[in-house]
Amino acid sequence: MTSQSAATLRSRYVAQAASDLEENRRRQQELAERLSVLKQEEALLSDILDLAERYENFADASRLPEQSQDEPAVAKAKRAPVGTTARRSASVKSAPATKTAKDGTKGKSHQPLLGDLLADLLGQYEEPRPAKELRDELLAKHPDRNPTPQVVRNTLESLVAKGRIRRHKQQRSVMYTLV
């Protein structure tokens, strides 16, 4: 083997290794972002389960507390440090229900709830709309809000359960209309 062919071979190996390293780092970044979103959803779902457990004996829905409108639940989930979900779950059950999210949100703007925004968007249409289109329109009209597609679907299903909107299934797609 000549020194020129060895240099060519070495340069190919170096180029391939650099390319593989770049691809590996890109995939690590994608997975880290996905993991972050999943942790936010976990915190939100944990909070929902805690609230459901706390208020499972209430027969009168009018006695249930209203969600604080000072801060959306997704923003609270983003704030939570990694690994505190289990600790928070245990402390929420024993904490008094008088403490609200207002305590740490002085000076923040008053944002409407995601469900109200989605219901307003649905009210503009006569025909059923898929969750994806509603999310895209929400992102266009409210760039400060960035809910994941799963959060939008969960919110829409919550509105269906409350009787505020209707679900329509057409083959494999699910569409929603305002009641």
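In the stretch 132-149, the residues that are closer than 13 Å to Leu117 by Cα form Cβ pairs under 6 Å with partners that are open to solvent by 50 Å² or more (accessible area, probe 1.4 Å), at six or more places apart or across chains, as follows: Arg135/Pro149.
Only residues that are farther than 22 Å from Leu38 by Cβ and surrounded by 18 or more Cβ atoms within 10 Å (Cβ to Cβ) were counted across the stretch 135-165, and they come to 2. Among the residues examined, Arg166 qualifies as farther than 14 Å from Leu114 by Cα and without any contact (Cβ under 8 Å) to a residue 40 or more places away in the chain. Within the stretch 115-130, residues that are touching a residue at least 12 places away in the same chain (Cβ under 8 Å) and under 14 Å from Arg153 (Cα atoms) have Cβ atoms under 9 Å from residues that are small (Gly, Ala, Ser) and surrounded by 16 or more Cβ atoms within 10 Å (Cβ to Cβ) in these pairs: Leu118/Ala131, counting only partners at least 6 apart in sequence or on another chain. Candidates Val92, Val74, Val82: the one that is within 29 Å of Arg172 (Cβ to Cβ), touching a helix residue (DSSP H, G or I) at 6+ places or on another chain (Cβ under 7 Å) and either among the β-branched types (Val, Ile, Thr) or modelled with pLDDT under 90 (or both) is Val74.
The values are calculated or read from the model by the stated rules, or taken from the named source; none is laboratory data. Every value quoted in this text rests on a predicted model; they were computed, and no experiment measured them. When we count neighbours, we look across all protein chains shown, and the Cβ atoms used for this are built from the backbone with ideal geometry, even at glycine. What goes into the accessible areas is simple: the full protein's heavy atoms, side chains included, and nothing from ligands, DNA or RNA. Shrake-Rupley method; radii C 1.70, N 1.55, O 1.52, S 1.80 Å.
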